[in-house]
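*Asks:* My structure is below; once you've seen it, I'll send some questions.
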Amino acid sequence: MDLIQLTPTTYHLRAGSNAGLVVQDGRALLVDTGLDRDAARRILKHVAALNVELAAVIVTHAHADHFGGAGEVKKRTGAPVLAPAFEAAVVENPVLEPVYLFAGAQPLRELQGKFILAPGCEVDGLLQPGRQVIHGFEVDILPAPGHAHNQMMVGLPEAGVCFAADAFFSPLVLDKYGVPFYVDVDQALETLAGLPALPYSIFAQGHGDAYPQADMAAVVAINRERILHIRQLALAAVEEPQEGSQVLKFVADELGVAITQPAIYYLTRTTIHACLNSLRQSGRVDLKLVDNRLLWTAID
């Protein structure tokens, strides 16, 4: 894990899943905690090297790679953990993530690895949107739903830094995964649309390098194009009635994505369902039951 200084008071802790750190007056605010206990320990080594005391932890959204280290951080420091409503329920009850991926049933063992099923952590308070002071740190809590149901970003108005979580992805990440994870593509598009106008000079993402504000319009356009392309492929897949699994295969094949793990299949399926629901809400697709099969079909 690399410690990248963004401004005199803010740091980007770069790893497979990033964290953010805000430092002032000998105290620190941590944004996300990485995947697991090892990530938490590496974060705390950087906190110790800066000779600051951890005042609080903010979890931006309840995906295992962003909160898996929260319990370890809390155990070692006693710092309170804050998270948005809905996301907090998953942080405290992490089995909910594989459960909702598996349609509510007891999840497959392949959905219980650390990349999906994190250790739980008690949440000490719920985040609400708006400018506020959290344990002595002035922050903007900014709604950014789409990738997760109630994802929040953390803005630092004085430093001019936005810890943007997974509100956007770098082109490298988009190309690596092909079909990024979204629970609501319409909300994701709305979140993306608002990013370039936010009053921050640096946007530190959850996976990859931080971006200067001048580059945000271009990276937002790339993210938007990927979502729209996936949704358009889903629409093309249902010119004739198709089951959801057939839509997933069509989209993955068209994008050249090879799904080799059940966990990736279920993550991809969520995005496909989000696209199909978006198309249905806009009146371009409907569903029907035929011979005990749920079929999606385009509306002429």
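*Asks:* Subtracting the Cα-Cα distance from 0.36 nm times the residue separation, let me have the gained length for Asp175 to Lys288 in nm, one decimal.
*Replies:* Stretched out fully, the Asp175 to Lys288 stretch lengthens by 37.3 nm.
*Asks:* Taking the Cα atoms only, what angle lies between the long axis of helix 37-49 and the longest principal axis of the chain, rounded to 10 degrees?
*Replies:* The angle comes out near 30 degrees.
*Asks:* Tell me which residues come under 5 Å, amide H to amide H, from Asp36 once H is placed; ignore anything under 5 positions away on its chain.
*Replies:* Under 5 Å from the amide H of Asp36 lie the amide H atoms of Gly69, each far enough along the sequence or on another chain.
*Asks:* Sorting check: for 118-125, 159-166, 211-218, which peptide has the highest mean count of neighbouring beta carbons within 10 Å, and how do the rest follow?
*Replies:* Details: 118-125: 18.5, 159-166: 25.6, 211-218: 14.0.
The packing order, highest mean first, is 159-166, 118-125, 211-218.
*Asks:* Counting other beta carbons within 10 Å of each Cβ, put Arg42, Arg76, Arg231 in order, fewest first.
*Replies:* On the way: Arg42 18, Arg76 14, Arg231 25.
Final ranking by Cβ density, sparse to dense: Arg76, Arg42, Arg231.
*Asks:* Next up: Which peptide among 127-133, 289-295 comes first, and what is the full order, when sorted by highest mean count of other Cβ atoms within 10 Å?
*Replies:* Those peptides, ordered most packed to least, come out 127-133, 289-295.
*Asks:* A further question follows. Apply the Karplus curve 6.51 cos²θ - 1.76 cosθ + 1.60, θ = phi - 60°, to the phi angles in the stretch 70-83 and return the couplings in whole Hz, x for Gly and Pro.
*Replies:* So the Karplus estimates, Gly and Pro as x, are 4, x, 5, 4, 5, 4, 7, 10, x, 5, x, 10, 10, 8 Hz.
*Asks:* Could you tell me how many degrees, from 0 to 90 and to the nearest 10, lie between the Cα long axis of helix 244-255 and the main elongation axis, the longest principal axis, of the Cα atoms of the chain?
*Replies:* Between the helix axis and the principal axis of the chain, the angle is about 70 degrees.
*Asks:* Now for a different question. Let me make sure I get this right: for the chain, a, b and c are the square roots of the gyration tensor eigenvalues over alpha carbons, sorted descending. Under 1.5 in a/c it's rounded, otherwise prolate if a/b > b/c, else oblate. Which is it? Can you show the working numbers first?
*Replies:* Working: a/c = 2.21, a/b = 1.67, b/c = 1.32.
The shape class here is prolate.
*Asks:* Of Val179, Val22, how do they rank once you tally other Cβ atoms within 10 Å and put the fewest first?
*Replies:* Ascending number of Cβ neighbours within 10 Å: Val179, Val22.
*Asks:* Tell me the angle of helix 262-281 to the major Cα principal axis of the chain, expressed in degrees between 0 and 90 and rounded to the nearest ten.
*Replies:* 70
*Asks:* How far apart, in nm, are the 7 Å Cα→Cβ label points at Lys75 and Asp215?
*Replies:* Going by the 7 Å Cα→Cβ label model, 3.7 nm.
*Asks:* Hey, another quick one. Check which residues have an amide H placed less than 5 Å from Tyr211's amide H, if you skip close sequence neighbours.
*Replies:* Phe203, Ala204, Gln205
*Asks:* Show me 235-243, 91-99 ranked by packing, highest mean number of other Cβ atoms within 10 Å first.
*Replies:* 91-99, 235-243
*Asks:* Another one. List the lysines whose alpha-carbon lies under 22 Å from that of Lys288, not counting same-chain residues fewer than 8 positions away?
*Replies:* Lys249
*Asks:* Lysines within cross-link reach of Lys74: Cα-Cα under 20 Å, excluding same-chain residues under 8 positions apart?
*Replies:* Lys45, Lys114
*Asks:* Related question: Mean residue ellipticity at 222 nm from the helices of the chain, using -39,500 (n - 2.57) per DSSP H segment of n ≥ 4 over the full residue count, to the nearest 500 deg cm²/dmol?
*Replies:* Values: 10 runs with 108 residues, N = 300.
My calculation for the chain gives -11000 deg cm²/dmol from helical runs alone.
*Asks:* When the chain is fully extended, how far beyond the present Cα-Cα distance does Thr297 get from Asp124, taking 0.36 nm per residue of separation? Can you show the working numbers first?
*Replies:* Details: separation 173, 0.36 × 173 = 62.28 nm, distance 4.54 nm.
That pair, Thr297 and Asp124, stretches by 57.7 nm at full extension.
*Asks:* Which residues does a label at Gln261 reach in the stretch 22-58, if reach means a backbone N under 13 Å from a point 7 Å past the Cα toward the Cβ?
*Replies:* So the set is empty, nothing qualifies.
No lab work stands behind these numbers, since they all come straight from the coordinates. Keep in mind that this is a model prediction, so the values were computed, not measured. For neighbour counting, all protein chains shown are included, and Cβ atoms are generated from backbone atoms with ideal geometry for every residue, glycine included.
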